[in-house]
Amino acid sequence: MQIDVVANIGEARSDEFLHKTVIVIDVLRATSTMITALSNGCKSILPVETVIQAKELQTSGDLLGGERYCKKIPGFDFGNSPSEYSPSAVKGRRIILTTTNGTRGIQKAMKADHVLAGAFINGAACAAAAVDFRRDVVILCAGTQDVFSLEDGLAAGQITAELISLLGDKQVCLNDFGQAMLHAFERNRDGLRAAILLCSNGKRLCKIGFQDDIDLCCALNTTTMVPMLLHDQMVPYKQSLF
Ligand SMILES: O=C(O)[C@H](CS(=O)(=O)O)OP(=O)(O)O
Ligand SMILES: [Mg+2]
C-alpha cells in the first residue's frame, strides 16, 4: 500500500485521488465534529462550501451546523464544537455542515474511490476501514486556509502507524511527508494535548473559550465511528456493506 500524506488542501491535486482512498483529517474541529455527530446517531452529514448553499439545501427536519472564524454562524443550530452534537440534539436528523477547512477538504476529495473522515478520536478504526478498501491511500490534512496545521499532521502520523501495524511495514510505502508525520506522532503520542495546546489552532481555540474542544479532539481512539462519503453525504461506514 502506498500512503501519501498531503500537508493542506491547497497542495492537494484531486486528479491524484483517482482509484484511491482519501482520508480527510481536520482534528480541530470539522472531522472530529462529523465523527462525533454520526456516533451520536445523526442520520447523515451533507458537507457544503458556503453558508448560502447550506440554507438553500435545507429541507424540513435538517439541522444546520458550522462556523466562520471558529464561531457559530448566526441562525444555525450548531457551531463546530463536537460536544454540541449530542444524541438528543442530532438523533435521526440530517446535518448540513459548513466550516472553514474540513468541509472543503471533503469536497476536494470527491474524485476518490472512497472518502473517509479521520481524526485522533477514530484513528484506529479509520485505518481498518481503509485496509478494507484495498486501495492506495492519500491522507489529506485539511490545514487552516491552505497552511499546514500540526494537529492534522500528528493525526496523519497516528493513522499511518495504525496502517503499518495492520499491514506490516514491508507492505507499506510512505512519501517523505508521511515519514515525517509518522515520526512526529511517535515522538508526541504521550503528550498530544500539550503539543496541540502549543499549536496555533489550539492556542486560538483556547483563547476564545473552546478549551474543552481540545480535550475531546485530542483523545486517541475514543470511537470506532468512521464517516464515509456516499454520493454527496457522510454516513457511517459499515464493514458489512463491503
Ligand atoms: O472551527 C474550527 O475549529 C476551524 C476554524 S479556523 O479554521 O481555525 O478558523 O474550522 P475547521 O474547518 O474545523 O478547521
Ligand atoms: Mg481545522
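The ranking of M228, M1, M234, M34 from fewest to most other beta carbons within 10 Å of each one's beta carbon is M1, M228, M234, M34. Using a cut-off of 21 Å between Cα atoms, the listed pairs K91/K111; K72/K203; K20/K238; K91/K238 include K91/K111 as exceeding that distance. Among T59, T31, T144, sorting on how many other beta-carbon atoms sit within 10 Å of each Cβ, with the fewest leading, yields T59, T144, T31. Computed over the chain with a Gaussian network model linking Cα atoms closer than 10 Å, the most mobile of N175, N80, N40 is N175.
Only one residue of C199, A184, C173 has its Cα farthest out toward the positive end of the dipole of segment 168-211, where Lys and Arg carry +1 and Asp and Glu -1 on Cβ, and that residue is C199.
Helix 123-133 and the long axis of the chain differ in direction by around 70°, with both axes built from C-alpha atoms. Comparing mean-square fluctuations of I214, I52, I35 from a GNM of the chain with C-alpha springs under 10 Å, the top value falls on I52.
Mean-square fluctuations from a GNM of the chain, with a 10 angstrom spring cutoff on Cα atoms, peak among I159, I73, I106 at I73. The dipole here belongs to segment 96-156: it is taken about the Cα centre, uses +1 on the Cβ of Lys and Arg and -1 on the Cβ of Asp and Glu, and is about 180 debye. Cβ crowding within 10 Å, taken as a proxy for footprinting-reagent exposure, orders E56, E162 from fewest neighbours to most as E56, E162.
By its C-alpha gyration tensor, with a ≥ b ≥ c as the square roots of the eigenvalues, how is segment 18-99 shaped: rounded for a/c under 1.5, else prolate for a/b larger than b/c, else oblate? Here segment 18-99 falls in the rounded category.
Net length available on complete extension from D232 to V147 is 28.0 nm, with 0.36 nm assigned per residue and the Cα-Cα distance removed. Helical content alone sets the calculated 222 nm signal of the chain at -11000 deg cm²/dmol, taking -39,500 (n - 2.57) per DSSP H segment of four or more residues and averaging over every residue.
Coordinate-derived values only; no laboratory data. These numbers come from a predicted model, not from an experiment. Here Cβ is always computed from backbone atoms with ideal geometry, including for glycine, and neighbour counts include all displayed protein chains.
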